[in-house]
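The structure appears right after this line, and notes come after that.
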Amino acid sequence: MRNFRLFLLFTTTALLALAVSPFLFWAPKVLACRVDFDPSTFLAYCNGNGYGDYEHGALFWNLEPDAVKSLRAARILFLGNSRVQFAFSTDATRAYFRDKNIPYYLAGFTYYENMMFMLRLMDKYRLHPDAVVINSDTTFFDEKLMSTPAAMFRPRTELLFWTTFYGYLLKGGFTRIVRPICSQLPFVCSETLQTLWRKRETGEWMWRDTFAEANRSLPINPAARSPAPDESAMQDYEKAAQLFIGSLGLPRHCIILTAIPNSLTTDEPIADRLGARLQLPVIIPHVNDLATIDNSHLNGPSADRWSDAFLRESAPALDRCLAESNNQTGGRN
């Protein structure tokens, strides 16, 4: 009996050491991630090999239950990649939905995210918003699963699945301890790596000063954009869009397409083509003198102005969808 107890103690200790030692080796590397001290956020992304993406696993594996709860409760969802997050993580967006008392969620993601990851989330959590806003750029309507979340959906018989899952668990633990560490021991946190922090309640990114200076200004230059997609590409977008739109279960007038301004890709023709072919509303406000932080993402002042213009133009459509839902179901709390 004594030998069995010693064996059990040894095995437990060995397993604990095996689980904890990677964290102890890994944590010092990611203490270079810049910190946002708002406790309502989690570290969605850190631009370093030791951390990278967390937000995909945080939501899909429910490692951030409050964020998943907010995602499921949202009546308006904003879908797309990082351009959605930069464009709508603004005072104008917060004020618009606060004044209307409507829960919303910014469900854009890093790594040029497309519709396939969103389909997984919608299926897993049975999401059924009253309306969606989709940034129709060159990446969203694509039937290929992007590289970052792809490993999450490998068969569970593969080691890659389990190492990926364990990595996300490590990041979930780190996002909960990094603030007290850097608050009490600031000398161990170099904060040299760019970070994006996601608010659990609304999905918005807190990026100003942790990822880039909010006022960094590179004027948008339409002449620098890549050419509009050719007919073959347009047909691929249309095919993928039909699949995605059909899965939403929403009236067509409650699926709003847009194209967020940038200096890299020509996206308006995609939104216009899909809107015409699939009978979807297209709202692309034209705001003068916009600028980006990196030619791709709107800077702080431009995002405030553009999101305000978008929400003012889309208000009648969003109000209609919300009213129809209220009439059908009595509304949602």
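Note on region 56-71: residues that are buried (at least 16 other Cβ atoms within 10 Å of the Cβ) and either in contact with an Asp or Glu (Cβ under 6 Å, 6 or more places away or on another chain) or farther than 19 Å from ARG154 by Cβ (or both) amount to 6.
Out of all the residues in region 294-313, is one or more part of a loop (DSSP other than H, G, I, E, B) and free of Cβ contacts under 8 Å to residues at least 60 places away in the same chain? No, because not a single residue in region 294-313 is part of a loop (DSSP other than H, G, I, E, B) and free of Cβ contacts under 8 Å to residues at least 60 places away in the same chain. Selection of region 316-332 for residues being in contact with a helix residue (DSSP H, G or I) (Cβ under 9 Å, 6 or more places away or on another chain), without any contact (Cβ under 8 Å) to a residue 60 or more places away in the chain and assigned to a helix (DSSP H, G or I) yields only ASP319. Taken together, the criteria exclude ASN327 from residues that are polar (S, T, N, Q), surrounded by fewer than 16 Cβ atoms within 10 Å (Cβ to Cβ) and either modelled with pLDDT of 95 or more or in contact with an Asp or Glu (Cβ under 6 Å, 6 or more places away or on another chain) (or both).
Could you run through region 219-243 and say how many residues are in contact with a strand residue (DSSP E or B) (Cβ under 7 Å, 6 or more places away or on another chain) and loosely packed, with under 14 Cβ neighbours inside 10 Å? Can you show your working first?
Looking only at region 219-243, we keep the residues that are in contact with a strand residue (DSSP E or B) (Cβ under 7 Å, 6 or more places away or on another chain), and these are 219-220.
Filter again for loosely packed, with under 14 Cβ neighbours inside 10 Å, leaving 219.
Looking only at that region, the number is 1.
Condition first: at pLDDT 95 or above, under 20 Å from MET206 (Cα atoms) and crowded, with 22+ Cβ neighbours inside 10 Å. Can you find one or more residues in region 271-281 that meet it? Spell out the reasoning first.
Looking only at region 271-281, we keep the residues that are at pLDDT 95 or above, and these are 271-281.
In the following step, the residues that additionally are under 20 Å from MET206 (Cα atoms) were identified as none.
No, there is no match, as no residue in region 271-281 is at pLDDT 95 or above, under 20 Å from MET206 (Cα atoms) and crowded, with 22+ Cβ neighbours inside 10 Å.
For ARG198, state whether it is surrounded by 19 or more Cβ atoms within 10 Å (Cβ to Cβ), under 18 Å from the mean Cα position of the chain (by Cα) and within 30 Å of ILE76 (Cβ to Cβ). Yes, satisfied.
The values are calculated or read from the model by the stated rules, or taken from the named source; none is laboratory data. From a predicted model like this one, the values you see are computed outputs, not experimental measurements. Neighbour counts run over all protein chains shown; Cβ positions are idealised from the backbone, glycine included.
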